[in-house]
Each structure stands twice: as C-alpha cells, then as structure tokens.
Amino acid sequence: MSSGIDNSMFFLKSLGVDQLAIIAKEDIQFNKDFRLQCEQNSCGSYNKNWMCPPAIGSIDELKEKVLKFKQGLLFQTVYQLEDSFDYEGMQEGIEEHTKILRKALDNIKSTGAFNEFLPLNVGPCTYCGRCAFLDGQECRFPEEAVSSLEACGIDVMALEKSCGMSYNNGKNTISCISLILFNLD
C-alpha cells in the first residue's frame, strides 16, 4: 500500500472510526432505487442543495464521475441512540461523522496523500449553513462541497458487505458511512 493510503487510514483510526476498508471501484454497485429516494425527498434536501438532485446531475453523470477513480477509502462510525425514534441523536451522529470526514479531507489536502480524490458522505452537503442554491446563487465553496453516496446511486449496503463491514450495528444505533475515492497516479 502507498504511504498516502497508510497515512490516511492511520489518521482516520486516530479519529475514532469504527470500521475502515480500502475498496476497488469494482466493489461499487449502483442502484437507481437509492437515487429515487432522493427524488422522493426522503431527507428533505431535494431541489434545495447544490450537491443533491436535481442540481448535482443525473445518476449516469455521477456514475461516470465515480468510476473515474480506481480505489476508495470507506469508513464508518457508529453512534448510540436513546431509542429507534431518536431523531436528534441521529442528526448529532451525522454531524459528528461529517466532522471526521472534514478532518480527513483537510489531512489529505495538507499531506498531498492523493493527487486526485472525490469524497462522498452520508446525507446532503452541510458545509454552508444555508446552501447558495436556495438563493439562486452558485455554490460558494465548490472545492469543499460533498455529495452523498445515495445521490450517486451507490448501494451502500452491498459496498459494506463486499469488504466485510457490518451495515447494521445493533439496536438503537446509527451507522454513518463516507467514501473517499482516489487515484494514486
């Protein structure tokens, strides 16, 4: 493994991720049903965020973008909830997971671990408090904007299974996933 991959994995482990794996692009399965969940506005961000449908582009465009990368660093964090209806706990878990992703991205940028990379996260991009999309403006921070795995139509459960990760981590938990796709050359 390259030192960039090793350093990134070590850094993520130091941040407390629960599961971590290197995946090959061949491990990624696409399923349009996940994108349909976006289009049905299941998370409330459809047509409200530059990194969500429809603004992010078609599933075919995103699939092409994803498949330009040879490998990926897949990581998961697990958060305990009070009960299965603990929406506030779910949101807090997603926020904490996103902070870990942002720290990992800062580390990759500062160390030059990967020449070229594409981060994907759980849920919509939350870099700005209010997405410029809502004001009819261009994205203010396109170099920081991150889309979700689901918006790209990636089957997260199949991806986790392909590398031995557990999708469900017990009663009253939320499991958050990120994927940083990269090319080393």
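Scanning region 176-184 turns up at least one residue that is farther than 23 Å from Lys32 by Cβ, out of contact with any Asp or Glu (no Cβ under 6 Å at 6 or more places or on another chain) and either among the aromatic types (Phe, Trp, Tyr) or modelled with pLDDT under 95 (or both). A single entry from Leu12, Leu36 fulfils the requirement of being in contact with a helix residue (DSSP H, G or I) (Cβ under 8 Å, 6 or more places away or on another chain) and either farther than 15 Å from Val146 by Cβ or of a type in the set (A, V, I, L, M, F, W, C) (or both): Leu12.
Checking the stated criteria, Phe141 turns out to be in a loop (DSSP other than H, G, I, E, B) and over 19 Å from Cys43 (Cβ atoms). The conditions of being closer than 28 Å to Gly164 by Cβ, among the aliphatic types (A, V, I, L, M) and either surrounded by 18 or more Cβ atoms within 10 Å (Cβ to Cβ) or within 14 Å of the chain's Cα centre (by Cα) (or both) are met by Leu149. Restricting the first member to region 158-177 and to residues that are in contact (Cβ under 8 Å) with a residue 24 or more places away in the chain and within 19 Å of Tyr79 (Cα to Cα), and the second to residues that are among the charged types (D, E, K, R) and in a loop (DSSP other than H, G, I, E, B), the beta-carbon pairs closer than 6 Å and six or more apart or on different chains are Asn172/Asp83.
Just the residues that are in a loop (DSSP other than H, G, I, E, B) and more than 20 Å from Gly136 (Cα to Cα), please, taken from region 24-57. Selection gives Ile28, Gln29, Asn31, Gln40, Ser42, Cys43. Taking the criterion of being aliphatic (A, V, I, L, M) and part of a helix (DSSP H, G or I), the residues of region 93-115 that qualify are Ile94, Ile100, Leu101, Ala104, Leu105, Ile108.
Residue-wise test of (1) modelled with pLDDT under 95; (2) more than 28 Å from Leu134 (Cβ to Cβ); (3) among the polar types (S, T, N, Q).
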residue	(1), (2), (3)
Val66	no, no, no
Phe69	no, yes, no
Leu74	no, yes, no
Phe85	yes, yes, no
Met90	yes, no, no
Lys99	no, no, no
Arg102	no, no, no
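Yes/no per residue for (1) surrounded by 13 or more Cβ atoms within 10 Å (Cβ to Cβ); (2) at negative phi; (3) in contact with a Gly (Cβ under 9 Å, 6 or more places away or on another chain); (4) not charged (D, E, K, R):
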{"position": "Asn7", "(1), (2), (3), (4)": "yes, yes, no, yes"}
{"position": "Leu12", "(1), (2), (3), (4)": "yes, yes, no, yes"}
{"position": "Arg35", "(1), (2), (3), (4)": "yes, yes, yes, no"}
{"position": "Ser42", "(1), (2), (3), (4)": "no, yes, no, yes"}
{"position": "Pro53", "(1), (2), (3), (4)": "yes, yes, no, yes"}
{"position": "Gln71", "(1), (2), (3), (4)": "yes, yes, no, yes"}
{"position": "Val78", "(1), (2), (3), (4)": "yes, yes, yes, yes"}
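Selection within region 104-133: residues that are hydrophobic (A, V, I, L, M, F, W, C) and without any contact (Cβ under 8 Å) to a residue 60 or more places away in the chain. The member of this set that is farthest from Ser3 (Cα to Cα) is Cys128.
The values are calculated or read from the model by the stated rules, or taken from the named source; none is laboratory data. On a predicted model such as this, the values are computed, not experimentally measured, just so you know. Note that we place each Cβ from the backbone using ideal geometry, even for glycine, and neighbour counts take in every protein chain shown.
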